[in-house]
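Below is one structure, written out as structure tokens, with a few remarks after it.
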Amino acid sequence: MIAGWADADRIRAGVRPPAFPAVDFPITSYGAVEANAGPGIAAAIEACHESGGGRVVVPPGVWHTTGIRLLSYVELHVSAGATLRFSTDPADYLPLVETRYEGLEVLNHAPMIYANGCTDIAITGTGTLDGQGSWDSWWQWFHECDDEFKQLREQSWYGVPLADRVGGRRLRSSFVQPYDCTNVLIEGVTVVRSPFWQIHPVLCTNVTIRDLVIDSQGPNNDGIDLESCRSVVVQRCVIAAGDDCLALKSGREADGLQVGVPTEDVLIEDCELRVKYGAITLGSDLTGGIRNVYVRDCRIDGPYFALYIKTNAVRGGFVENVYLRDVTVTNVTKEVVQCNFFRGEGEAGPLTPYVRNVELRGLQVEHARNALLLRGYRHSPIEDFRVVDSTFTVDAPSTVHHAGLTLTNVTINNQPVRDVHQIR
């Protein structure tokens with residue numbers, strides 16, 4: 001089925017945030033004090049869950065805590081003036097839990113806020129989540145994880161069971177991760193100093209993420225990563241990230257093939273996306289595939305790329321039915337769109353990626369190095385890539401190899417471009 005903007009309306013209508021009983025569970029009623037709030041938060045969450053649900057309320061103040069484990073029917077409400085400041089001691093995120101690291105299944109330190117197999121969970125409020133990431137704590141692991149990550153990739157290729165894939169040395173965990181959850185709401189909070197990827201739902205369905213302020217620019221600090229998720233709406237978020245602002249993923253290599261769950265039916269609207277790499281990125285962990293992605297009414301300023309689709313013959317996977325509409329790009333330092341099958345290992349792998357049915361409509365680009373870099377394979381060209389009713393101001397020509405490209409009513413550097421269709 002070929003999707004279109006009517007499908008975006010279906011997604012928006014179908015995604016509904018969870019509702020919770022109007023009962024509050026203040027963490028101070030369960031023994032939380034600012035210097036050591038972790039046990040009180042855990043007790044309040046347990047009581048809320050056991051009673052059938054409600055709000056666990058973090059009042060104003062700076063609350064030092066260890067990892068938080070959400071349970072079904074619990075809304076964690078971080079009030080205005082409240083900061084949850086998370087420990088930098090790895091021992092505070094034990095025992096190891098089922099998670100993903102760069103698309104691979106692993107038992108690793110728990111994310112700072114984690115839920116597994118839950119229904120109806122939320123993080124709300126206008127307070128702050130502070131992961132205390134710095135080069136004196138989590139970020140230094142960026143330079144120390146290569147051997148452990150290489151071992152994990154080998155375990156994936158050889159089909160080593162999850163129970164035997166034990167991390168917990170130098171693989172950083174995400175900040176907020178609902179894993180295999182249904183009916184998820186993350187709303188209103190400010191996220192700073194993340195250890196790694198910041199908001200990272202995995203294998204989740206019916207997810208609403210809105211009104212977040214994300215400002216964490218450590219190494220590989222993606223803003224929002226949607227991995228193997230279905231039916232997601234992201235609205236009114238302001239993201240300044242140390243890597244990709246909004247990244248869609250679906251597992252990697254052998255694990256991506258084995259799990260085989262795509263990310264699909266995603267609507268992103270009215271967001272402001274700043275530094276560093278891709279504003280909207282699909283991949284590179286997309287072995288399980290990505291389909292039906294809609295982006296509208298967004299503003300982009302500062303990343304390398306506005307839309308970045310990245311894969312190769314090691315990752316494989318597919319991307320289909322991607323629509324951008326009414327997007328303003330103030331500045332990107334490289335291409336407005338890069339869709340590149342030659343990233344990393346290039347053609348040196350056993351899988352064949354494909355990308356088809358991508359439409360950009362109503363883009364207004366004030367400055368970019370160039371408009372497009374499209375590089376498919378000769379045996380798997382990029383199919384049906386369309387740019388419509390758009391204006392670009394750029395420094396250099398585009399690159400198009402093995403791609404079917406249609407330009408309709410497109411202006412580049414104040415010069416109209418005739419309709420073009422090419423595969424070469």
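The values are calculated or read from the model by the stated rules, or taken from the named source; none is laboratory data. What you see is a predicted model, and the numbers here were worked out from it, not measured in a lab. FYI the Cβ positions are ideal-geometry reconstructions off the backbone, even for glycines, and counts take in every protein chain you see.
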I need a count of the residues in the range 291-307 that are in contact with an Asp or Glu (Cβ under 7 Å, 6 or more places away or on another chain) and touching a residue at least 40 places away in the same chain (Cβ under 8 Å). 3
Pairs returned, first residue in the range 397-415 that is over 15 Å from Leu363 (Cα atoms), second residue that is crowded, with 17+ Cβ neighbours inside 10 Å and modelled with pLDDT under 95, beta-carbon separation under 6 angstrom, 6 or more apart or interchain, are none
Wholly inside the range 152-242, strands (runs of 3 or more DSSP E) that include 2 or more residues that are within 13 Å of the chain's Cα centre (by Cα) are 176-179, 205-210, 224-227, 230-235, 238-241
Consider the range 140-154. How many of its residues are more than 13 Å from Gly168 (Cα to Cα) and in contact (Cβ under 8 Å) with a residue 24 or more places away in the chain? 2
Can you confirm whether Thr408 is polar (S, T, N, Q), out of contact with any Asp or Glu (no Cβ under 6 Å at 6 or more places or on another chain) and not in a loop (DSSP other than H, G, I, E, B)? no
So which of Asn321, Asn331 ends up being over 22 Å from Asp225 (Cα atoms), of a type outside the set (Gly, Ala, Ser) and part of a strand (DSSP E or B)? Asn331
Quick check on Thr393: is it in a strand (DSSP E or B) and either modelled with pLDDT under 95 or under 21 Å from Cys298 (Cβ atoms) (or both)? yes
Name the single residue that is nearest to Pro21 (Cα to Cα) among those in the range 43-99 being in contact with a helix residue (DSSP H, G or I) (Cβ under 7 Å, 6 or more places away or on another chain) and part of a loop (DSSP other than H, G, I, E, B). Tyr73
The one condition Val160 fails out of (1) touching a residue at least 12 places away in the same chain (Cβ under 8 Å); (2) surrounded by 12 or more Cβ atoms within 10 Å (Cβ to Cβ); (3) not basic (Lys, Arg) is (1)
Residue match in the range 269-279 (condition: buried (at least 24 other Cβ atoms within 10 Å of the Cβ), among the aromatic types (Phe, Trp, Tyr) and either closer than 22 Å to Val213 by Cα or touching a Ser or Thr at 6+ places or on another chain (Cβ under 8 Å) (or both)): no
Could you list, in sequence order, the residues of the range 173-188 that are in contact with a Ser or Thr (Cβ under 9 Å, 6 or more places away or on another chain) and surrounded by 24 or more Cβ atoms within 10 Å (Cβ to Cβ)? Ser173, Ser174, Phe175, Val176, Gln177, Cys181, Val184, Ile186
Report whether or not Val417 is within 30 Å of the chain's Cα centre (by Cα) and within 20 Å of Val332 (Cβ to Cβ). no
Test result for Ala8, crowded, with 19+ Cβ neighbours inside 10 Å, closer than 30 Å to Phe385 by Cβ and aliphatic (A, V, I, L, M): yes
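Every residue, every condition in (1) at positive phi; (2) among the aromatic types (Phe, Trp, Tyr); (3) surrounded by 24 or more Cβ atoms within 10 Å (Cβ to Cβ), yes or no:
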{"residue": "Cys229", "(1), (2), (3)": "no, no, yes"}
{"residue": "Val233", "(1), (2), (3)": "no, no, no"}
{"residue": "Gly251", "(1), (2), (3)": "yes, no, yes"}
{"residue": "Leu267", "(1), (2), (3)": "no, no, no"}
{"residue": "Asp285", "(1), (2), (3)": "no, no, yes"}
{"residue": "Arg299", "(1), (2), (3)": "no, no, no"}
{"residue": "Gly302", "(1), (2), (3)": "yes, no, no"}
{"residue": "Val314", "(1), (2), (3)": "no, no, no"}
{"residue": "Glu320", "(1), (2), (3)": "no, no, no"}
In the range 341-390, how many are of a type in the set (Ser, Thr, Tyr) and in a loop (DSSP other than H, G, I, E, B)? 1
Single residue of Val319, Val355, Val327 found to be in contact with a Cys (Cβ under 7 Å, 6 or more places away or on another chain), under 27 Å from Trp157 (Cβ atoms) and not polar (S, T, N, Q): Val355
For the condition at pLDDT 95 or above, touching a strand residue (DSSP E or B) at 6+ places or on another chain (Cβ under 8 Å) and under 13 Å from Gly283 (Cβ atoms), what is the one hit in Val355, Val332? Val355
Evaluation of Asp136 against (1) farther than 16 Å from Val78 by Cβ; (2) not in a loop (DSSP other than H, G, I, E, B); (3) not aromatic (Phe, Trp, Tyr) (one fails), failing number: (2)
Exclusive hit being of a type in the set (A, V, I, L, M), surrounded by fewer than 19 Cβ atoms within 10 Å (Cβ to Cβ) and closer than 29 Å to Arg252 by Cα, set Leu372, Leu405, Leu351: Leu351
Are any residues in the range 115-171 touching a helix residue (DSSP H, G or I) at 6+ places or on another chain (Cβ under 6 Å) and of a type in the set (D, E, K, R), and if so, which ones? Arg165, Arg169, Arg170
